[in-house]
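The values are calculated or read from the model by the stated rules, or taken from the named source; none is laboratory data. Keep in mind the model is a prediction, meaning the values are calculated, not measured. Don't worry about glycine lacking a Cβ; one is built from the backbone with ideal geometry, like all the others, and counts go over all protein chains shown. Note: areas computed on protein heavy atoms with side chains; ligands, DNA, RNA excluded. Shrake-Rupley method; radii C 1.70, N 1.55, O 1.52, S 1.80 Å.
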Amino acid sequence: MTKPVLLTGDTPTGQLHLGHWVGSLENRVAMQNSHECHFLLANTHAFTTRLNKHDGIADSVRDITLDYLAAGIDPEKATIFVESDIPAIFELTSLFSMLIPYGRLMRNPTIKDEIRDKQLGDGYSFGFLLYPVLQVADILCVKGEVVPVGEDQLPHLEMTREVARKFNQLFCGVDSHAPDDEAVAQGGIFPIPKALLGRTKRLVGTGGPSDNGALLKMSKSLNNAILISDDADTVKKKVMRMYTDPSRLKASDPGTVENNPLWIFHDTFNSDKAWVEEAKASYRAGTIGDVTCKKELVRVINELLEPMRERRAAFEVQPNLVRDVLVHGADKVKATANETLAQVADAMGLSRHLK
Ligand code: TRP
């Protein structure tokens, strides 16, 4: 039995945090045995927002690779690689771009949100619009079938599915009514990939809400993140300072549990559900202090991160490890992606004039 092909990745613009862990990373660690896993560092994507801070991209590639290894991704089982090490991805990007109507790209809600949230105005690059197409090539170059991602990535995945279907129909003779799971059986080059969402789609940060009152997503750039590389003391400091119910001045004030990061974190990370329910009731009644609940959260988060710290410490003393893992990953994916590209070029009739 061959294992289903899984691919996902991160844009190297920082280090990984607890939001990445519950959004996708824990799924990836769990699926290493059952799937043929590929984890990509999309370093060319990073230029879409880091053109003026591009020095940090290469550092982030190394940081995140180490985060992966610390989190428990085993490079003997899973392939970790860097996008720019695979030339076939860029060739596939140009070819696939021919299959995507321009208006379709501009209607992508994630692209629209990013233009608004990152205040890109009309100054964004052509490459910014190209990045979802790069993502299509990232996934299809290994013929990915399962793609663990966050909710914001679903539009890109939908576009990947459309490209895979269209390619199979136009160039491989697959019937336009063929069910997705029969694409390959009907002669298509590409399986139609499926998204896999994490158990928490959007983890809030440790800081307060934005001006409109909504809690902000955990993000290193918003300074509200607990990194998976944080040491025990840093976790303690961040949790003890975290935003909770602002109207609660002393432990005897009744507190609100809803929309309170303290309880969102307990719900997400504390496996002792009985304690959490009891403590929530006491919090509402004003019979338990924030400090007690925060201390418990520090314990729970440090329990999750401690094995990662131990693995990281063991990896950090091997100076060539990250490079070796990435060279090995690139070699493997290069072979697969070149094979995919050859099939694509052949199906499109690109070298028929030479025959
Ligand atoms: N765009 C994704 C993000 O920023 C990262 C990414 C790049 C990706 N290529 C991918 C995710 C392919 C899944 C599949 O989170």
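Okay, residues lined up against (1) open to solvent by less than 70 Å² (accessible area, probe 1.4 Å); (2) out of contact with any helix residue (DSSP H, G or I) (no Cβ under 7 Å at 6 or more places or on another chain); (3) under 30 Å from ILE86 (Cβ atoms):
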residue	(1), (2), (3)
LYS220	no, yes, yes
GLU258	no, yes, no
ASN270	yes, no, no
GLU277	no, yes, no
LYS295	no, yes, no
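From the list ALA185, ALA232, ALA214, the lone residue that is assigned by TED's automatic domain parsing to the domain that holds ASP331 and of a type outside the set (Ser, Thr, Tyr) is ALA185.
Out of ARG161, ARG165, one residue alone is out of contact with any strand residue (DSSP E or B) (no Cβ under 7 Å at 6 or more places or on another chain), away from the ligand (no atom under 16 Å from the Cβ) and not hydroxyl-bearing (Ser, Thr, Tyr). It is ARG165.
Just a yes or no: is a residue in segment 218-228 assigned by TED's automatic domain parsing to the domain that holds VAL147, assigned to a loop (DSSP other than H, G, I, E, B) and not polar (S, T, N, Q)? No, there is no match, as no residue in segment 218-228 is assigned by TED's automatic domain parsing to the domain that holds VAL147, assigned to a loop (DSSP other than H, G, I, E, B) and not polar (S, T, N, Q).
When segment 229-251 is limited to residues that are open to solvent by 70 Å² or more (accessible area, probe 1.4 Å) and free of Cβ contacts under 8 Å to residues at least 40 places away in the same chain, the one that is farthest from ALA214 (Cα to Cα) turns out to be ASP233. Touching a strand residue (DSSP E or B) at 6+ places or on another chain (Cβ under 6 Å), touching a residue at least 40 places away in the same chain (Cβ under 8 Å), among the acidic types (Asp, Glu) and within 11 Å of the ligand (Cβ to nearest atom), is that true of ASP138? So ASP138 fits the description; yes. Among the residues of segment 322-336, those identified as surrounded by 18 or more Cβ atoms within 10 Å (Cβ to Cβ) and either within 21 Å of the chain's Cα centre (by Cα) or farther than 28 Å from ASN168 by Cα (or both) are VAL322, VAL325, LEU326, GLY329, ALA330, VAL333.
Residue pairs whose Cβ atoms lie under 7 Å apart, separated by 6 or more positions or on different chains, with the first residue in segment 28-50 and farther than 17 Å from ASP138 by Cβ and the second away from the ligand (no atom under 14 Å from the Cβ) and part of a helix (DSSP H, G or I), are VAL29/ALA71; ARG50/GLY56. When you look at LYS250, is it charged (D, E, K, R), under 30 Å from GLU145 (Cα atoms), modelled with pLDDT under 90 and not in a helix (DSSP H, G or I), yes or no? The answer is no for LYS250.
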